[in-house]
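First up is the structure itself, then whatever we jot down about it.
The values are calculated or read from the model by the stated rules, or taken from the named source; none is laboratory data. Treat the numbers as computed from the prediction; the structure is a model and nothing was measured. Ideal geometry is used to build each Cβ from the backbone, glycine not excepted, and the neighbour counts take in all protein chains shown. Surface accessibility is based on the protein's heavy atoms, side chains included, excluding ligands, DNA and RNA. Shrake-Rupley method; radii C 1.70, N 1.55, O 1.52, S 1.80 Å.
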Amino acid sequence: MSKTADVIIIGAGVHGASLAFHLARRGVKVTVLEKRFVAAGATGRSSGLVRMHYDTEVDSRLAWESFRYFLNWKELVGGDCGFKRTGFIQIVARKDADALRGNVVMQQRVGIPSFLITAEDVRRLAPSFVTDDFDIAAYEPESGFAMPGDTASALINAARAQGASLLQDHAVSGIIASGDRVTGVKTSQGSFSAPVVVNAAGAWAGQLNKLAGLDLPYDTWRHDTMFVVRPAKIVPSHPTVIDFPRELYFRPEGGLTLVGLEDGNPLGESPDGDADHAKPGFVERAIERICERIPVMEQGSLHSAHGGYDGITPDQHPMLGLAGLDGFYLDCGFSGTGFKIGPAVGLCMSELILDGAASTVDISSLSPLRFAQGKLVSGAYQNIWH
Ligand SMILES: Cc1cc2nc3c(=O)[nH]c(=O)nc-3n(C[C@H](O)[C@H](O)[C@H](O)COP(=O)(O)OP(=O)(O)OC[C@H]3O[C@@H](n4cnc5c(N)ncnc54)[C@H](O)[C@@H]3O)c2cc1C
């Protein structure tokens, strides 16, 4: 096994896998070091929503560029990402209606198939929904969800087919530098050298940033989700929905509905906490909220619930780019919403590393340097996560 590469990527979640894929396609010798296994972190726990509605253009552009991959996965990557089209509805409270209108205009300018629809239209699309607390919603008929574990595996398999190495059970425990330049990493199974090292370690990335001598604002974000068995009265299914008034999102999966809450997601916990079970009280809150939006869900039953951890930054946007040591890049901090932008972020990061700047989408506003410069990213919705 060679212990020398052009680029070392720490972490085999969707972002490490995507970057490995795009770099390997360009002939770069990549080694991915993963302390557990592919998609062991947030990616394997992700709800997998694939939609383009965001309140900042850079997010919508990254999601739209990624959508091209989800739709044409076999041709562009190979294997299967499990994309399913369900249609996507973004519901906002009346106070956010103007922001919603502005976002849809922005998305249409980008080329995204997104439309304003009325509450009555929502009722036509989803007759079981309560629709008396909002006037308009955004609708993306082409959107849906994908299988995050399959997505990451397909990307890493395609990278390996083009020469990348994946080393699982390799925990990075130190960053090696010579002067101001990164030269490699220490792992649980020896040292590896490369002139470029990328931190794609998700919720654990803050620990690695510290090992690299960086003092950046980076926290962990815990998020629980549950599956309920949908009552037979909801036929045939329902769209994927983000419901800001109820701080709720949900999507179908076969005869189940996956439900997550936008509030009550604790910060600052150890990313090694118990993710196999949801926190006490989550299921009760989630059932109450989903039944408020879809009253007939009262006839459903709980299937299962679990949690996961992601890295979060103060403006809830990722850190993408060089930080500190020459050759040390960050590809982390996706703040609970990074799955759907995985394919395009990997492409943009490969352009940044190899060409000096990303040409597919301008990601310069997401540089880790923005925190020291006081240039935090902000969008049209106030005080809303996601
Ligand atoms: C429950 C949940 C639901 C979500 N739902 C959605 C959604 O619907 N749509 C959406 O777009 N996003 C969603 N997200 C967010 C999305 O899943 C994440 O932003 C994304 O998966 C992050 O990918 P990543 O590759 O950066 O990190 P991860 O998937 O966490 O991968 C990081 C990897 O690094 C490894 N690692 C850590 N430390 C080390 C080390 N020292 N050495 C070697 N390897 C290391 C870990 O084992 C892990 O495999 C959700 C997140 C959670 C937790």
*Out of all the residues in the range 63-72, is one or more more than 19 Å from residue 187 (Cβ to Cβ), at pLDDT 95 or above and of a type in the set (Gly, Ala, Ser)?*
yes
*Which numbered condition residue 238 fails, given (1) modelled with pLDDT of 95 or more; (2) more than 22 Å from residue 262 (Cβ to Cβ); (3) not in a strand (DSSP E or B)*: (2)
*Among (1) more than 7 Å from the ligand (Cβ to nearest atom); (2) touching a residue at least 12 places away in the same chain (Cβ under 8 Å), which single condition is residue 355 missing?*
(2)
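Among the strands (runs of 3 or more DSSP E) lying completely within the range 81-185, list those that include at least 3 residues that are within 30 Å of residue 293 (Cβ to Cβ) and either more than 16 Å from the ligand (Cβ to nearest atom) or open to solvent by 20 Å² or more (accessible area, probe 1.4 Å) (or both). Give the steps one after another, and end with the answer.
On the way: elements: 88-91, 115-118, 136-140, 165-167, 172-178.
In the range 81-185, the matching strands (runs of 3 or more DSSP E) lie at 115-118, 136-140.
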*Out of the range 206-231, which residues are away from the ligand (no atom under 11 Å from the Cβ) and open to solvent by 20 Å² or more (accessible area, probe 1.4 Å)?*
210, 213, 214, 215, 216, 217, 218, 219, 227, 229, 230
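Inside the range 308-327, can you point out the residues that are out of contact with any Leu (no Cβ under 7 Å at 6 or more places or on another chain), more than 14 Å from the ligand (Cβ to nearest atom) and of a type outside the set (Asp, Glu)? Don't jump to the end; show me each part of the working.
So in the range 308-327, the residues out of contact with any Leu (no Cβ under 7 Å at 6 or more places or on another chain) come out as 308-311, 313, 316, 322, 325-327.
Applying the additional criterion that residues be more than 14 Å from the ligand (Cβ to nearest atom) yields 322, 325-327.
Result: 322, 325, 327.
Any chance you could count how many residues in the range 219-236 are out of contact with any Lys or Arg (no Cβ under 9 Å at 6 or more places or on another chain) and either within 28 Å of residue 32 (Cβ to Cβ) or hydroxyl-bearing (Ser, Thr, Tyr) (or both)?
Within the range 219-236, the first condition is being out of contact with any Lys or Arg (no Cβ under 9 Å at 6 or more places or on another chain), and the residues that meet it are 219-221, 226-236.
Subset that is either within 28 Å of residue 32 (Cβ to Cβ) or hydroxyl-bearing (Ser, Thr, Tyr) (or both): 219-221.
Qualifying residue count for the region: 3.
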*Of all residues in the range 22-40 being within 14 Å of the ligand (Cβ to nearest atom), among the hydrophobic types (A, V, I, L, M, F, W, C) and in contact with a strand residue (DSSP E or B) (Cβ under 9 Å, 6 or more places away or on another chain), which is nearest to residue 162 (Cα to Cα)?*
32
*asked:* Can you tell me how many residues within the range 50-79 are out of contact with any His (no Cβ under 9 Å at 6 or more places or on another chain) and either within 9 Å of the ligand (Cβ to nearest atom) or under 17 Å from residue 18 (Cβ atoms) (or both)?
replied: 20
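One line per residue, one yes/no per condition, for (1) among the polar types (S, T, N, Q); (2) at pLDDT 95 or above; (3) over 15 Å from residue 153 (Cβ atoms); (4) surrounded by 23 or more Cβ atoms within 10 Å (Cβ to Cβ):
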{"site": "2", "(1), (2), (3), (4)": "yes, no, yes, no"}
{"site": "8", "(1), (2), (3), (4)": "no, yes, yes, yes"}
{"site": "29", "(1), (2), (3), (4)": "no, yes, yes, no"}
{"site": "35", "(1), (2), (3), (4)": "no, yes, yes, no"}
{"site": "44", "(1), (2), (3), (4)": "no, yes, no, no"}
{"site": "51", "(1), (2), (3), (4)": "no, yes, yes, yes"}
{"site": "61", "(1), (2), (3), (4)": "no, yes, yes, yes"}
_Contacts under 8 angstrom Cβ, first residue in the range 38-52 being free of Cβ contacts under 8 Å to residues at least 60 places away in the same chain, partner open to solvent by less than 10 Å² (accessible area, probe 1.4 Å) and within 6 Å of the ligand (Cβ to nearest atom), 6 or more apart_ = 40/12
_the range 340-386, residues that are within 28 Å of residue 96 (Cα to Cα) and in contact with a Gly (Cβ under 6 Å, 6 or more places away or on another chain)_ = 380
_Failed criterion for residue 340 (all others in (1) over 22 Å from residue 46 (Cα atoms); (2) within 16 Å of the ligand (Cβ to nearest atom); (3) among the basic types (Lys, Arg) hold)_ = (1)
_Matching residues in the range 268-305 - criterion: being open to solvent by less than 70 Å² (accessible area, probe 1.4 Å), within 16 Å of the ligand (Cβ to nearest atom) and over 27 Å from residue 126 (Cα atoms)_ = 268, 269, 270, 271, 273, 275, 278
